[in-house]
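Asker: One structure coming up, written as structure tokens, with questions to follow.
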Amino acid sequence: MSLRMTLVASIAALACVATSGCGTPVSLTVKSYTSNPTFAVNSYLVSGSKDAILVDGQFTRGDAEKVVAMVKESGKTLRSIFLTHAHPDHYLGLDVIASAFPGVPIQATAEVVADFQAKGPAALASAKANFGAANIAEKLATIAPISQDKLELEGEELRIVKLTDGESASAAALYGSRHKLLVAGDLLYNRAYLWLAECKSEAWAQNLKGLSSLGGIEQVYPGHGAAPATAAIIDENLQYLTTVVPILQNATTAADAIAQVKQKYSYTGGGLLEYSTNIFFSACKKP
């Protein structure tokens, strides 16, 4: 081999080491932070050997600060922050996190960014009024639309799976095919009451059924509830939708509906059930 070819091969080998690329599997670990059982909101730190991606950013200032502590304690370099969907329990804490990691981009799909920009200001004002301004971030974070269809972490790909309607108006999950993991956002809950206030339960069910097209899923990181979970929660969530939506449709009052759901399901996230059921009665219930 000539000296030039030897140098080229050496440089290529060094590049592979530096990027953990060249097809060499990188072990990904996922650490979670879950807020109190009233809402049981999850944020996830997906880490390689040295770098990390944070998924979702909590509701209150206090929970966001605990996420900051989790990231710092990991010793990893935070490369990006990804928002799965535009519900305030997942984004109001992002400004607190952004302040702790200046320069780290916060990204979401274009559809989620549009939903965030349309609803965020009102959600921030409402949260301050109802939960106290001291408990909520002062302002909204800046979230940019992502142009790629994947995130990369030390050579490993996390495919961005876009979702339309369902638990939220638009959303995205992250799928790692090599590791058979799904960071699901609120597409999936693990033994937590599902948020049914968007009036799109049929579309949500279709999104769940569509997960079979991704390939193998062994570990699921849900938007609410204990993590990780197995793919069994896909069917559990489908069964919940099939069982609970008729209860809400047929109950005479929201209080009666809540009582019936609690009889069938002893789940975490009581606030999710109470808030979403009241909204369901005002916005979704068919005459």
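Asker: For the structure I just gave you, tell me whether Glu198 is surrounded by fewer than 22 Cβ atoms within 10 Å (Cβ to Cβ) and closer than 24 Å to Asp89 by Cα.
Answerer: Taking the combined requirement at face value, the residue satisfies it.
Asker: Any chance you could count how many residues in the stretch 147-173 are in a loop (DSSP other than H, G, I, E, B) and either surrounded by fewer than 21 Cβ atoms within 10 Å (Cβ to Cβ) or acidic (Asp, Glu) (or both)?
Answerer: 8
Asker: I've got another one for you. Please work out which residue is surrounded by the fewest Cβ atoms within 10 Å (Cβ to Cβ), limiting yourself to the stretch 72-102 and to residues that are charged (D, E, K, R) and free of Cβ contacts under 8 Å to residues at least 40 places away in the same chain.
Answerer: Glu73
Asker: For the stretch 13-22, state whether one or more residues are assigned to a strand (DSSP E or B) and either at pLDDT 70 or above or within 28 Å of Ile106 (Cα to Cα) (or both).
Answerer: The answer is no, given that none of the residues of the stretch 13-22 is assigned to a strand (DSSP E or B) and either at pLDDT 70 or above or within 28 Å of Ile106 (Cα to Cα) (or both).
Quick grid of which residues meet (1) of a type outside the set (Gly, Ala, Ser); (2) surrounded by fewer than 21 Cβ atoms within 10 Å (Cβ to Cβ):
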position: Ala231; (1), (2): no, yes
position: Pro246; (1), (2): yes, yes
position: Thr253; (1), (2): yes, yes
position: Asp256; (1), (2): yes, yes
position: Gly269; (1), (2): no, no
position: Ser276; (1), (2): no, no
position: Cys284; (1), (2): yes, yes
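Asker: Next question. Exactly one condition in (1) touching a Gly at 6+ places or on another chain (Cβ under 7 Å); (2) at pLDDT below 95 is false for Val8; which is it?
Answerer: Tallying (1) touching a Gly at 6+ places or on another chain (Cβ under 7 Å); (2) at pLDDT below 95, Val8 fails exactly one: (1).
Asker: What are the pairs, 6+ residues apart or on separate chains, where a residue within the stretch 174-191 that is surrounded by 24 or more Cβ atoms within 10 Å (Cβ to Cβ) has its Cβ under 6 Å from a residue that is outside any strand (DSSP E or B) and of a type in the set (Val, Ile, Thr)?
Answerer: Here the result reads Leu182/Ile217; Gly185/Thr84; Leu188/Ile233; Asn190/Ile233, each pair linking the stretch 174-191 to a residue that is outside any strand (DSSP E or B) and of a type in the set (Val, Ile, Thr).
Asker: Can you give me the number of residues within the stretch 32-66 that are aliphatic (A, V, I, L, M) and either in contact with a helix residue (DSSP H, G or I) (Cβ under 7 Å, 6 or more places away or on another chain) or surrounded by fewer than 21 Cβ atoms within 10 Å (Cβ to Cβ) (or both)?
Answerer: 5
Asker: Identify the single condition in (1) under 21 Å from Asn36 (Cβ atoms); (2) among the aliphatic types (A, V, I, L, M); (3) within 14 Å of the chain's Cα centre (by Cα) that Leu187 does not satisfy, given that it satisfies every other one.
Answerer: Checking Leu187 against (1) under 21 Å from Asn36 (Cβ atoms); (2) among the aliphatic types (A, V, I, L, M); (3) within 14 Å of the chain's Cα centre (by Cα), the one that fails is (1).
Asker: Report yes if some residue within the stretch 126-147 is within 19 Å of the chain's Cα centre (by Cα), of a type in the set (S, T, N, Q) and over 13 Å from His87 (Cα atoms); otherwise report no.
Answerer: The answer is yes; a qualifying residue exists.
Asker: Next up: I want to confirm something. Restricting to the stretch 176-221 and keeping residues that are part of a loop (DSSP other than H, G, I, E, B) and among the hydroxyl-bearing types (Ser, Thr, Tyr), which single residue is farthest from Tyr44 (Cα to Cα)?
Answerer: Tyr193
The values are calculated or read from the model by the stated rules, or taken from the named source; none is laboratory data. All figures in this text were calculated on a predicted structure; none of them were measured in a lab. Cβ: placed from backbone, ideal geometry, glycine included. Neighbour counts: every protein chain shown.
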